[in-house]
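The values are calculated or read from the model by the stated rules, or taken from the named source; none is laboratory data. Note that the coordinates shown come from a computational prediction; the quantities given were computed from them, not determined experimentally. So basically every Cβ, Gly included, is an ideal-geometry build from the backbone, and we count neighbours across all protein chains shown.
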Amino acid sequence: MDPHQKLKPHETTDTSAWSTQLESLNPPPQIFISALGTTRGQAGSVEKQRVIDYDLNLSLAKAAQKAGVKVYVLVSTGMADSSSRAPYLKMKGELEDAVSKLDFEKVVILRPGLLLGHREDSRPPEYAFRMIALGLSKISKSYFFDTWVNPADEVGKAAVAAALECVEKTAPAGKVWTLGISDIVRLGRTEWKE
């Protein structure tokens, strides 16, 4: 069977319906991966960004728990810290703390560096850093690129690989598994069979 035939999309732009849809999935998925987020610029303020980056993420995590999901994977950010003075890092750290307390068998937190990949929106400072990273990677990919930058597709592959390790019980012991940049590089470049 084509693996894509197993996918059953649930689409709606009404974010208030997402939790209910997730709770009603039957059978419940074993894995839930969240890479949901926005920017302060797109949202209009830190408070509006928090509605998506924290409130909606936590609501979906709670719905996943209620649905019976075993493995919850969160794509966060490097340097996330609930005691940070930087609002974005503080918010991401608070989300990590909150989902870690939920009743999942395993919580995986990915903390990527600067994300590289196609963007629909224009963020000039981030664009400048991405161009610098790409330039430096031509000098030494392993030093400049793999220590502070993660291609977005590599982060996605690492999230899936880590989730599968949790389901297969080959992940490190403990309830929470936090992956830094080097872990994301390692898992994001792993090939697996479908």
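List pairs: first in segment 84-109 and touching a residue at least 24 places away in the same chain (Cβ under 8 Å) and of a type in the set (Lys, Arg), second surrounded by 16 or more Cβ atoms within 10 Å (Cβ to Cβ) and part of a helix (DSSP H, G or I), Cβ under 6 Å, 6+ apart or cross-chain?
LYS106/CYS166
Give just the number: which of (1) surrounded by 16 or more Cβ atoms within 10 Å (Cβ to Cβ); (2) within 18 Å of VAL176 (Cβ to Cβ); (3) modelled with pLDDT of 95 or more does SER82 not satisfy?
Of the numbered conditions (1) surrounded by 16 or more Cβ atoms within 10 Å (Cβ to Cβ); (2) within 18 Å of VAL176 (Cβ to Cβ); (3) modelled with pLDDT of 95 or more, the odd one out for SER82 is (1).
Yes/no matrix, rows are residues, columns are (1) at pLDDT 95 or above; (2) part of a loop (DSSP other than H, G, I, E, B):
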| position | (1), (2) |
| --- | --- |
| PRO9 | no, yes |
| THR13 | no, yes |
| LEU22 | no, no |
| ASN26 | no, yes |
| PHE32 | yes, no |
| GLY37 | no, yes |
| VAL69 | yes, yes |
| LEU74 | yes, no |
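Can you name every residue in segment 39-61 that is in a loop (DSSP other than H, G, I, E, B) and in contact with a helix residue (DSSP H, G or I) (Cβ under 6 Å, 6 or more places away or on another chain)?
Those that are in a loop (DSSP other than H, G, I, E, B) and in contact with a helix residue (DSSP H, G or I) (Cβ under 6 Å, 6 or more places away or on another chain): none in segment 39-61.
Suppose the filter is out of contact with any Ser or Thr (no Cβ under 8 Å at 6 or more places or on another chain), among the small types (Gly, Ala, Ser) and surrounded by 15 or more Cβ atoms within 10 Å (Cβ to Cβ); does ALA43 pass it?
The answer is yes for ALA43.
Criterion first (of a type in the set (Asp, Glu) and either in contact (Cβ under 8 Å) with a residue 60 or more places away in the chain or surrounded by 18 or more Cβ atoms within 10 Å (Cβ to Cβ) (or both)) does ASP53 satisfy it?
Against the criterion (of a type in the set (Asp, Glu) and either in contact (Cβ under 8 Å) with a residue 60 or more places away in the chain or surrounded by 18 or more Cβ atoms within 10 Å (Cβ to Cβ) (or both)), ASP53 qualifies.
Which of the numbered conditions does VAL46 fail, given that it passes all the others? Conditions: (1) over 21 Å from ALA64 (Cα atoms); (2) of a type in the set (A, V, I, L, M, F, W, C); (3) without any contact (Cβ under 8 Å) to a residue 12 or more places away in the chain.
Looking at each condition in turn, VAL46 falls short on (3).
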